[in-house]
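No value in this document is a laboratory result; all are computed from the given coordinates. Just so we're clear, the structure is a prediction, and the values are computed from it rather than from any experiment. Glycine gets a Cβ as well: all are built from the backbone with ideal geometry, and neighbour counts include every protein chain shown.
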Amino acid sequence: MNPAKANPTKPRAQTRPHAELLGRIGFTWTIPAVLLLVSLLASALASGQTQTVADAPRGALRDPQTDAAFDHFYNMEYDRAIPEFEKILEKRPKDPFAVNHLLMAVLMRNLYETGGMNTGDYSNDSFIGHAPRPTDQKVKDRIKELARRAEALEEQQLKENPKDVNALYCRGVTRAQFAVYTGLVERAWFSALRNAVGARHDHEHVLELDPDYVDAKMVVGTHNYVVGNLPWSVKVAAALAGLSGSKEKGLEYLREVAESGGETSVDAKVMLSLLLRREHKYDEALGYMQDLATKYPKNHLFLTEVANLDRAAGRLDEAEAVYRKVWQNGREGKYDKLHYEMAAWGLGELLRSKHDLAGAATAYELVNDAPNPDPDILQKANLAAGEMYDLLQNRDLAMKRYETVLAGNANTGPADQARRYIKEAYRE
């Protein structure tokens, strides 16, 4: 891997036909590939697993400072988690686990700040055409430097002992995180796929050496699920290139990690919730998200996802109550400066589906009242509010909302729609 150029890591025994297959997977059936990257948002967090000394040598050693850093991380307190991970790395400069922890936190904060962590974007094919906002070059440079540093440590340890399961595991995590970066930040899908496959090979090797290294089943399980969802013709080609997959096996692996009881179970629950939502298994996904929302009350995404799952399952009254709870929590300062306005957007979408046009318009308008709302959500909400006002025959208010959309970024899809509706009122 050459992070400075965002080049992919080459998996073991990669051949040219293998590379061509990755191209087929990436360009003939993009959604599963994207799903793999999105799932790696969760599986990359597996680098945070910590074990007791009695469990050594599998994984990093537990210490109160790391536990506190991860508690802040899962509560989305990135500005507290990152300095804590930095201090840990200062004490353990040759520990690839410590480097991966910091890499993960920096990457996830960036994805959150640029609009790349809205789970609703990944539940359908619309994600492909939606790119997160540009990442600051300094942040890109730091991510690449940390990836370089982690890989250098991992390669050195593997040179000394090719069967070092911790080094193999950490290298897989580094590759997984760099796959997320190249895919979701650089939008370099081919490079991201090759890094993702490299992560799978590393963690499969870990399981060959140590079948009880449960955390390695995160990436392997996710990849199994993705390949298991490929069209038959591509799946056959994948099998010929050594990339087998089973959706059932993938979910089985992920459930095993989720139920393991360790810190990694948090990440498996995040991943399972996303995959099960795509499978329309809303009740099981809801159980995982409710657990996380209770354990990490400052993470508004978990509770908002509970509402999203209720809405997807058709439990609209329950979903409405949770959306309103998230909004109220935000107004009471429980989420600090986080973008809890996503709950208002979700509420608007729910009320719109119930044909409560006035209620939907009011909900969409709430986004304007949030402190420092996400620009993408703000544009979508103002456009949707304008549509509601048009349907309510209130053209003046509709025009104001469309003009507000154009006052933001005028080179977006919502802006294009607003221009059309200024010329001709919106109609269903």
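Points worth noting:
- Cα-based Lys proximity count in the range 287-428, under 13 Å, for pairs eight or more positions apart or on separate chains: 4
- Neighbour-limited loop hits for trypsin sites (Lys or Arg not before Pro), the range 78-115 (at most 15 other Cβ within 10 Å; DSSP other than H, G, I, E, B): LYS94
- Each label was represented as a point 7 Å from its Cα along the Cα-to-Cβ direction; for ASN372 and ASP79 these points are 0.6 nm apart.
- Per-residue 3J(HN,Hα) values for the range 339-346, derived from phi via the Karplus relation 6.51 cos²θ - 1.76 cosθ + 1.60 with θ = phi - 60°, read 8, 6, 5, 4, 5, 5, 4, x Hz in sequence order (x marks Gly and Pro).
- Qualifying GluC sites (Glu not before Pro) in the range 279-336, DSSP loop, other Cβ atoms within 10 Å at most 12: GLU332
- Highest-first arrangement of 243-256, 414-427, 339-352, 169-182, where packing means the average Cβ count within 10 Å: 169-182, 339-352, 243-256, 414-427
- Across the range 243-308, the relative contact order, built from alpha-carbon pairs under 8 Å that are at least six residues apart, equals 20 percent.
- Modelled FRET efficiency - R0 56 Å, ALA321 with GLU208, Cβ distances, 0.05 increments: 0.70
- Under 26 Å from the Cα of LYS247 - lysines, other chains or at least 8 residues apart: LYS10, LYS217, LYS235, LYS269, LYS281
- Building the convex hull from the alpha-carbon atoms of the range 287-428 and averaging its projection over directions returns 8.4 nm².
- The Cα center of the range 78-111 and the Cα center of the range 186-216 differ in position by 21 Å.
- Estimated at 0.36 nm per residue, the fully extended path between ARG427 and LYS354 surpasses their Cα-Cα distance by 24.6 nm.
- Over the range 273-395, Cα pairs under 8 Å with separation of 6+ residues give a relative contact order of 17 percent.
- Gained length - LYS400 relative to LEU158, 0.36 nm times residue gap less alpha-carbon distance: 81.0 nm
- Sites GLN393 and ASP291 - FRET efficiency at Förster radius 41 Å, r taken between beta-carbons, to 0.05: 0.35
- Each of HIS101, HIS355, HIS72 was scored by other Cβ atoms within 10 Å of its Cβ. Arranged with the fewest first, they read HIS355, HIS72, HIS101.
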